[in-house]
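A.B. asks: Quick one: this structure, given as structure tokens, is what I'll be asking you about.
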Amino acid sequence: MDLYINYHLIMFSNHLNISRRSYSSLATNASHNNLNPWFLTGFCDGESNFTVRITKSNSTKIGWIVQPVFQICLHKKDLSLLEKIKSFLGVGEIYNHQEESYNYVVQSLEGIKVIIKHFKFYPLLTKKREDYELFAQIVTLIEKKNI
């Protein structure tokens, strides 16, 4: 009796269309770039950073330039994810950082406002939230021309 049951299972399996598949949490169709905003926030909690560059400059009244920067640096194999993030947010640029990595960078004030708006509606959950809040305060001061 066992042989008979196994025979039917073998026959049934011959009719299945088994093919190799790859699974990902990302959309496979580039025209439907629907990243979940919470996915982006969680990803940024782990992989992004908020930086404020302060550089000496003769072209400003105070002699310094204060520039907020948001960035994500990933291995070259994850370039498509950086492209999806850039497309989702609609701001920033992707640069070849080193031979093995790429950087998604947002440094224009208008682009930074988009980043701040995203994290206002989809807040960070880790200690990085404190960094973001300081970053947002600096951007507010820059907008008011206090820096």
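A.B. asks: Determine which aspartates and glutamates satisfy two conditions relative to K76: a Cα distance under 12 Å, and not lying fewer than 8 residues away in the same chain.
C.D. replies: E99, E100
A.B. asks: Rank-order 120-129, 70-79 by packing density, defined as the average count of other C-beta atoms within 10 Å over each peptide's residues, highest first. Display every interim value, and only then the final one.
C.D. replies: Working: 120-129: 12.6, 70-79: 16.5.
Result, highest mean first: 70-79, 120-129.
A.B. asks: Let's test the formula: R0 of 22 Å, r as the Cβ-Cβ distance of I94 and V114. What FRET efficiency results, to the nearest 0.05?
C.D. replies: Efficiency at R0 = 22 Å is approximately 0.90.
A.B. asks: In the neighborhood of P68, defined by Cβ-to-Cβ distances under 11 Å, what is the net charge if each Lys or Arg adds +1 and each Asp or Glu adds -1?
C.D. replies: Working: positive: R53, K113; negative: E143.
Residues close to P68 contribute a combined charge of +1.
A.B. asks: What translational diffusion coefficient, to the nearest whole µm²/s, does segment 36-143 have by Stokes-Einstein, given a Kirkwood radius computed over alpha-carbon pairs, a temperature of 4 °C and 1.567 mPa s viscosity?
C.D. replies: D, rounded to a whole number, is 89 µm²/s.
Only the coordinates and a few stated rules stand behind these numbers; no lab work does. The model shown is predicted, which means the values in this text are computed figures rather than measured ones. Ideal geometry is used to build each Cβ from the backbone, glycine not excepted, and the neighbour counts take in all protein chains shown.
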